[in-house]
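Chemist: Pasting in a structure now, in structure tokens, and then I'll have a few things to ask.
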Amino acid sequence: MQLVEFSPQLPDEPAHPRFGVIVNDQIVEIGESERGTLSDYIWRGAPAFEDIRAMYAACLQGAAPVLRGHARRTFPLEHCKLHPPLLPRTLRDFYAFERHVKAANAIRGREVPPEWYEIPVFYYAHHGTLCGNDDTVPYPAYTAALDYELEIAAVIGKAGRDIPANQAEDYILGFTILNDWSARDVQRLEMRVGLGPAKGKDFAKSLGPCLVTLDELADRRTERHGVFDLQMVARVNGVERSRGNMAELYWSFGQMIARASQAVTLQPGDVIGSGTVGTGCLLELTHGEGPWLQHGDIVELAIERIGTLRNRVG
């Protein structure tokens, strides 16, 4: 299923966010008495998930949307604003694609640190500046080197601590697209000090356009835990700039979740980012020299089976 947090853009319809499921070209509203938003639903551990799945399956067969005996309203997808699927409790962003790691280190004139091959590493990202699909992302006044990063992110669906890598999929509710916007000139300065990134990253994150549940990806599962065969593409102003595949992950989501949950309880609504796929940023494509994103540029990140996350640079 494609789960969304959305607001109808229709006359006389309140524009507050609510939880829905995409069925063809419509969004089925799950119902205000059930949850509030998709974030509320996830934070509660995604209760009654099978009921929603049964309603979804019936809708695909042409039935009217009915959940637990109550009819649900539908809205045309084209007349709905899609918000970030959820407000993460925490956002851990890993550095898990070897091709990107090699390229980033080569730009710095060095080999990949051997420690990178010992453990999957991450930083805590700021989720208070979250943007959704079609939102304008502000261009920070303190940078002249704005970049995108093409990533896939897992959303944790139930609490777990010290999770074995081979059981991690049991804790993943689904996947979404993450754009970890980066101010490369500021990031470069910060990381020379040995701490960061901070202001090089915390001005914006984009998440969306939907949360796709694992059952939708079952036929693309690989032999590695939490890794699926999904094409990943980035376009700037309609021109393809990046192309990779989730299957290229060096560290699987199973390994990332195992690492993140060591001596820590992951909670429903925590988000685990993959880091940038190989070729998935201008830093790689221009060897750190630019040109970088400009005011008015349209950045589209597309991942197979998930959709397209589109933003304009303000």
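The values are calculated or read from the model by the stated rules, or taken from the named source; none is laboratory data. The shown structure was predicted, so the numbers you read here are calculated from the model rather than taken from an experiment. Every residue, glycine as well, gets a Cβ built from its backbone with ideal geometry; the counts of neighbours run over all protein chains shown.
Chemist: Does segment 176-187 hold any residues that are out of contact with any helix residue (DSSP H, G or I) (no Cβ under 7 Å at 6 or more places or on another chain) and either in contact (Cβ under 8 Å) with a residue 40 or more places away in the chain or outside any helix (DSSP H, G or I) (or both), and which are they?
Modeler: 176, 177, 178, 179, 180, 181, 182, 183, 185, 186, listed by residue number.
Chemist: When you look at residue 74, is it touching a residue at least 60 places away in the same chain (Cβ under 8 Å) and β-branched (Val, Ile, Thr), yes or no?
Modeler: On the way: touching a residue at least 60 places away in the same chain (Cβ under 8 Å): no; β-branched (Val, Ile, Thr): yes.
It is false that residue 74 is touching a residue at least 60 places away in the same chain (Cβ under 8 Å) and β-branched (Val, Ile, Thr).
Chemist: Taking the condition at pLDDT 95 or above, of a type outside the set (A, V, I, L, M, F, W, C) and farther than 30 Å from residue 264 by Cα, does residue 140 pass?
Modeler: So residue 140 fits the description; yes.
Chemist: Restricting attention to segment 268-293, which residues are surrounded by fewer than 24 Cβ atoms within 10 Å (Cβ to Cβ), of a type outside the set (Gly, Ala, Ser), in a loop (DSSP other than H, G, I, E, B) and in contact with a helix residue (DSSP H, G or I) (Cβ under 8 Å, 6 or more places away or on another chain)?
Modeler: Listed by number, the residues that qualify are 268, 279, 287, 291, 292, 293.
Chemist: I would also like to ask the following. From the list 244, 200, 208, 194, exactly one residue is buried (at least 19 other Cβ atoms within 10 Å of the Cβ), free of Cβ contacts under 8 Å to residues at least 60 places away in the same chain and outside any helix (DSSP H, G or I). Which is it?
Modeler: Being buried (at least 19 other Cβ atoms within 10 Å of the Cβ), free of Cβ contacts under 8 Å to residues at least 60 places away in the same chain and outside any helix (DSSP H, G or I) holds for just one of 244, 200, 208, 194, which is 200.
Chemist: Note down all Cβ pairs under 7 Å where the first residue falls in segment 285-297 and is assigned by TED's automatic domain parsing to the domain that holds residue 110, the second is part of a loop (DSSP other than H, G, I, E, B) and surrounded by fewer than 17 Cβ atoms within 10 Å (Cβ to Cβ), and they're at least six residues apart or on different chains.
Modeler: 295/314; 297/237
Chemist: So which of 141, 159, 145 ends up being more than 17 Å from the chain's Cα centre (by Cα), surrounded by 20 or more Cβ atoms within 10 Å (Cβ to Cβ) and in the same structural domain as residue 294 (by TED's automatic domain parsing)?
Modeler: 145
Chemist: Can you tell me which condition residue 115 does not meet? The list is (1) of a type in the set (D, E, K, R); (2) surrounded by fewer than 20 Cβ atoms within 10 Å (Cβ to Cβ); (3) touching a Lys or Arg at 6+ places or on another chain (Cβ under 6 Å), and all the others hold.
Modeler: Result: residue 115 passes all but (3).
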